[in-house]
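Take a look at the structure set out below.
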Amino acid sequence: MSRTPMKLILTQEVSGLGAPGDVVDVAGGYGRNYLIPRGFAMRWTRGAEKQVGLIQRARSVREIRSLDDAKAAAGELQNLTVRLPRRAGTNGRLFGSVGPADIADAVRAAGGPELDRRRIEVPDPIKTAGTHQVKVRLHPEVNATVNIEVVGA
């Protein structure tokens, strides 16, 4: 069985692989069975290569511009405590869960920076009331931790 590499253009950020607009070589099965069907990447062709510029321009609008901006946003997030009211049962278990989109909205409402929900890493869904820490990738070199206080209402 041959393991031929596949050349792809990423359309979304893939942790450990790259950012939108990056051209990457991956194993054929990983590209065919995971990245392309989920819309994370598209096959590299000469025509698709022209779209890379468009993808990277759209990314630069959303992305925190520089390393200094990312460090400033990280400092702002470190000092921010985000309260998130959710309906909960008597034992503190939530009806539903808290996901990255909820966290991004709560950070914005608490006066924090605008965050892209795809850059918020929640390893397991938050299903209990209490204090939780969530990692945010602000820049390839800068990660921040946000303290989230889920309050049962």
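The figures follow:
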| item | result |
| --- | --- |
| Filter pass, G47 being over 18 Å from the mean Cα position of the chain (by Cα), part of a helix (DSSP H, G or I) and surrounded by 15 or more Cβ atoms within 10 Å (Cβ to Cβ) | no |
| Test: residue in region 87-109 that is surrounded by fewer than 12 Cβ atoms within 10 Å (Cβ to Cβ) and closer than 30 Å to A27 by Cα | no |
| Count of region 7-44 residues which are under 14 Å from the mean Cα position of the chain (by Cα) and either among the β-branched types (V, I, T) or in a strand (DSSP E or B) (or both) | 3 |
| Checklist (1) surrounded by 17 or more Cβ atoms within 10 Å (Cβ to Cβ); (2) at pLDDT 80 or above; (3) β-branched (V, I, T) applied to T81, failing item | (1) |
| Unique residue being among the charged types (D, E, K, R) and in a helix (DSSP H, G or I) when the list is R83, R3, R118 | R118 |
| Qualifying residue in region 117-127 (condition: assigned by TED's automatic domain parsing to the domain that holds N79 and either among the polar types (S, T, N, Q) or over 24 Å from G16 (Cα atoms) (or both)) | yes |
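Per-residue answers, yes or no, for (1) in contact (Cβ under 8 Å) with a residue 40 or more places away in the chain; (2) polar (S, T, N, Q); (3) touching a helix residue (DSSP H, G or I) at 6+ places or on another chain (Cβ under 6 Å):
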| position | (1), (2), (3) |
| --- | --- |
| Q78 | yes, yes, no |
| P85 | yes, no, no |
| N91 | no, yes, no |
| F95 | no, no, no |
| G99 | no, no, no |
| V107 | no, no, no |
| I120 | no, no, yes |
| P125 | no, no, no |
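The values are calculated or read from the model by the stated rules, or taken from the named source; none is laboratory data. Remember, it's a predicted structure, so these values are computed and weren't measured experimentally. In this analysis, Cβ positions are derived from the backbone assuming ideal geometry, glycine residues included, and neighbour counts consider all displayed protein chains.
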